[in-house]
Amino acid sequence: MEGLLPKLPLADWIDSFVDWLTVTFAFLFDGITVSLEGVVEGLFAVLEIIPSYILLILIGLLAWKLSSKGIALFAVIGLFLIDNLGYWEAMLETLSLVLTAVIITVVIGIPMGIWASQKTVVKQILTPILDFMQTMPAFVYLIPAIFFFSIGVVPGVVSSVIFAVPPTIRLTILGIQQVPTDIIEATEAFGSTTRQRLLKVQLPLAMPTIMAGINQSIMLSLSMVVIASMVGAPGLGADVYRAVTQIQIGRGFEAGLAIVVMAIILDRITQNVGIRKQGGN
């Protein structure tokens, strides 16, 4: 087959398209870069102002309120360990990056999921795009991100959003479409508008599923931390990457353990929020 048809210059076409985007929308990419850097640095500055022991207690209380005493105790012990090992500042940098990515993911993902749940055509268009986004290797997202946003924290945030947004969209669609038909029919019988039905019935009932999507997006954002460090993103991922390149097994284990502790805390808190909403608490 190789000799029958000439090879398509797909790589050249993509390179030309990326070059055109970079030149044509340079002002837009510059604006996004400044905005995202401002958000990440602002979050980090706010978190850094708070003494570590106070922030540790606050996160423990939040975990107790939203989850359980066991998770609160784990959060306090885990964060104390991170501080003791000297990774507190790196943890705050990672948390700022992840929170920024998750906020953008929610802002984009939930409205897109709502739209797709109400419009079959939108869902049919989105589904193959989401399949593509989830199956494409995460490293590939870094290449255009570097072209558009240079190196630093911004390409890390952008690639994290692209990698993490599909679960939020998919589970928002699923949650809304799984609302029982008899409930929908009852709201229509009472004369509810589409907006009223969506805001007062479908979204509240779908919230546990939507929270599961957000939970998955948080985990995927954290999984991008080390990959994003390859393009200059700061935080625990940079420590892991540095340890790998310098073959520092102990330091790599410490930084990796800090990421695991963060992941467990964020996972259990958001997971239990979804369970509470499922139970109506």
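The values are calculated or read from the model by the stated rules, or taken from the named source; none is laboratory data. Computed from a predicted model, the values in this text were never measured in an experiment. Here the Cβ positions follow ideal geometry from the backbone for every residue, glycine too, while neighbour counts run over all protein chains shown.
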For Val121, state whether it is in a helix (DSSP H, G or I), of a type in the set (A, V, I, L, M) and touching a Ser or Thr at 6+ places or on another chain (Cβ under 7 Å).
no
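Has segment 127-136 got any residue that is of a type in the set (D, E, K, R), at pLDDT 85 or above and surrounded by fewer than 20 Cβ atoms within 10 Å (Cβ to Cβ)?
yes
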Applying the selection to segment 47-68, what residues are in a helix (DSSP H, G or I), touching a helix residue (DSSP H, G or I) at 6+ places or on another chain (Cβ under 9 Å) and free of Cβ contacts under 8 Å to residues at least 40 places away in the same chain?
Ser52, Tyr53, Leu55, Leu56, Ile57, Gly60, Leu61, Trp64, Lys65
Expected output for segment 134-154 (first residue of a type in the set (Ser, Thr, Tyr), partner surrounded by 15 or more Cβ atoms within 10 Å (Cβ to Cβ), Cβ below 7 Å, 6+ apart or cross-chain) is Tyr141/Ser159; Tyr141/Ile162; Tyr141/Phe163
If we scan segment 268-278, do we find a residue that is without any contact (Cβ under 8 Å) to a residue 24 or more places away in the chain and surrounded by fewer than 18 Cβ atoms within 10 Å (Cβ to Cβ)?
no
Scanning segment 239-255 for residues that are assigned to a helix (DSSP H, G or I) and not hydrophobic (A, V, I, L, M, F, W, C), which turns out nearest to Leu85 (Cα to Cα)?
Glu254
Hey, could you check segment 243-281 for residues that are among the small types (Gly, Ala, Ser) and modelled with pLDDT of 85 or more and say which is nearest to the chain's Cα centre (by Cα)?
Ala263
Looking for whichever is in a helix (DSSP H, G or I), β-branched (Val, Ile, Thr) and under 17 Å from Thr100 (Cβ atoms) here; the options are Val165, Val140. Which one fits?
Val165
Let me confirm something: among Leu174, Leu220, Leu205, which residue is within 21 Å of the chain's Cα centre (by Cα), free of Cβ contacts under 8 Å to residues at least 40 places away in the same chain and either assigned to a helix (DSSP H, G or I) or surrounded by 23 or more Cβ atoms within 10 Å (Cβ to Cβ) (or both)?
Leu174
Scanning segment 74-125 for residues that are small (Gly, Ala, Ser), touching a Leu at 6+ places or on another chain (Cβ under 8 Å) and over 16 Å from Ala263 (Cβ atoms), the one surrounded by the fewest Cβ atoms within 10 Å (Cβ to Cβ) turns out to be Ala116
Residues of segment 223-238 classified as in contact with a helix residue (DSSP H, G or I) (Cβ under 7 Å, 6 or more places away or on another chain), part of a helix (DSSP H, G or I) and at pLDDT below 85, total:
5
Taking segment 1-24 as the region of interest, how many residues are touching a residue at least 24 places away in the same chain (Cβ under 8 Å) and of a type in the set (A, V, I, L, M, F, W, C)?
2
Inside segment 1-39, the number of residues satisfying the requirement of being among the charged types (D, E, K, R) and either in contact with a Gly (Cβ under 9 Å, 6 or more places away or on another chain) or not in a helix (DSSP H, G or I) (or both) is 3
Do we have Gly42 as part of a helix (DSSP H, G or I), surrounded by 12 or more Cβ atoms within 10 Å (Cβ to Cβ) and of a type in the set (Gly, Ala, Ser) here?
yes
Counting only residues that are modelled with pLDDT of 80 or more and of a type in the set (S, T, N, Q), which one in segment 149-171 is surrounded by the most Cβ atoms within 10 Å (Cβ to Cβ)?
Ser160
If Ile14 meets every condition in (1) under 26 Å from Arg268 (Cα atoms); (2) surrounded by 11 or more Cβ atoms within 10 Å (Cβ to Cβ); (3) not charged (D, E, K, R) apart from one, which number is that one?
(1)
